[in-house]
Amino acid sequence: MADDLGDEWWETQPAGASSSPASDGEGGGDTGMTQQETAPVPALSKKTEQPKECFLIQPKETNEDATKTRKRKKKKITDVLAKSEPKPGTPEDLQKLMKDYYSSNRSVIELEELTLPDSCFLKANDLTHSLSSYLKEICPKWVKLRKNHSEKKSVLMLIICGSAIRALELIRSMTAFRGDSKVMKLFAKHIKIQEQVKLLEKRVVHLGVGTPGRIKELIKQGGLNLNPLKFLVFDWNWRDQKLRRMMDIPEIRKEVFEILEMGVLSLCKSESLKLGLF
């Protein structure tokens, strides 16, 4: 105890008091009182340690609260899109998506080969057009073009969208443009692929509207020949209930790029095919 109180004991000794530990043991009156007075000092020291224990627990609670706060504040894509103004798609958007998609498994030279020439892009929809008005703008000579088309197992214009329901909406909304053109639904819902192959073999079709998954399968099976194709239009700007565009959905994006590699890229580079973003 004397060792623990060494510093305090020296500081509280009156002038002339003995500093010898021996006098401490003899029970000198003044010295004994001084030690008793200084005895509470360790107790005070212990008390001062109490807040330290509380302080060590506090960061845990703070971290947990911060984590909960971060979880609550985490925004979903729908929240972000709901607050942002819609921007029309541009050819650069498609080029960037292609580059990002292929960058992990293609060399620099291969990526350059995938780049589409600017000349293959038609004017993009600025969000002021209906489908009919947009198609009239990009293809003003449609009537003459469709009259000269006689090849089966092919279409002159292909419109790719994200779902069968959306495809039906587009077909209904393009009445003013299509006129007497033969339109075919190219999606999987309630329609077997064999039936679509047979229809394409039997009749001349001018317009095809469908999903990338079914269109890709038709090309694969030889039911749809892309060589006579003059216009390929992506339903680019439309958003579903979750505010996702067609190209925001990984599965659809993958199938679109697979179609591009099945002949579309080469047709674009030869300038026989034009791309539009509606």
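The values are calculated or read from the model by the stated rules, or taken from the named source; none is laboratory data. Being a predicted model, the structure only gives us computed values, none of them experimental. Please note: Cβ atoms are built from the backbone with ideal geometry, for glycine as well, and neighbour counts cover all protein chains shown. To get the accessible areas, we keep the full protein, side chains included, count just its heavy atoms, and leave off ligands, DNA and RNA. Shrake-Rupley method; radii C 1.70, N 1.55, O 1.52, S 1.80 Å.
Some points to look at:
- Within region 136-151, one or more residues are charged (D, E, K, R), within 30 Å of Asp240 (Cβ to Cβ) and modelled with pLDDT of 90 or more.
Okay, residues lined up against (1) under 24 Å from Leu260 (Cα atoms); (2) modelled with pLDDT of 95 or more; (3) touching a helix residue (DSSP H, G or I) at 6+ places or on another chain (Cβ under 8 Å):
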| site | (1), (2), (3) |
| --- | --- |
| Leu111 | yes, no, yes |
| Thr128 | no, no, no |
| Met157 | yes, yes, yes |
| Ala167 | yes, yes, no |
| Thr175 | no, no, yes |
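- Residue check: Cys139 meets all listed conditions (1) within 17 Å of Pro228 (Cα to Cα); (2) among the hydrophobic types (A, V, I, L, M, F, W, C); (3) surrounded by fewer than 17 Cβ atoms within 10 Å (Cβ to Cβ) but one, namely (3).
- The number of residues in region 243-263 being open to solvent by 30 Å² or more (accessible area, probe 1.4 Å) and in a helix (DSSP H, G or I) comes to 9.
- Within region 266-278, restricting attention to residues that are open to solvent by 20 Å² or more (accessible area, probe 1.4 Å) and touching a helix residue (DSSP H, G or I) at 6+ places or on another chain (Cβ under 8 Å), the residue that is nearest to Arg106 (Cα to Cα) is Lys269.
- Test set (1) within 22 Å of Glu169 (Cα to Cα); (2) open to solvent by less than 30 Å² (accessible area, probe 1.4 Å); (3) under 31 Å from the mean Cα position of the chain (by Cα) - Leu207 fails condition number: (3)
- Some residue of region 149-171 being open to solvent by 70 Å² or more (accessible area, probe 1.4 Å), within 30 Å of Glu92 (Cβ to Cβ) and in contact (Cβ under 8 Å) with a residue 60 or more places away in the chain: no
- Leu97 meets the conditions (1) in a loop (DSSP other than H, G, I, E, B); (2) within 19 Å of Trp238 (Cβ to Cβ); (3) open to solvent by 20 Å² or more (accessible area, probe 1.4 Å) in every case but one. The failed one is (1).
- Options Ser163, Ser154, Ser104, Ser119: the member that is within 16 Å of Asp235 (Cβ to Cβ) and not acidic (Asp, Glu): Ser163
- Unique residue being touching a strand residue (DSSP E or B) at 6+ places or on another chain (Cβ under 7 Å) and not aliphatic (A, V, I, L, M) when the list is Asp240, Asp235: Asp235
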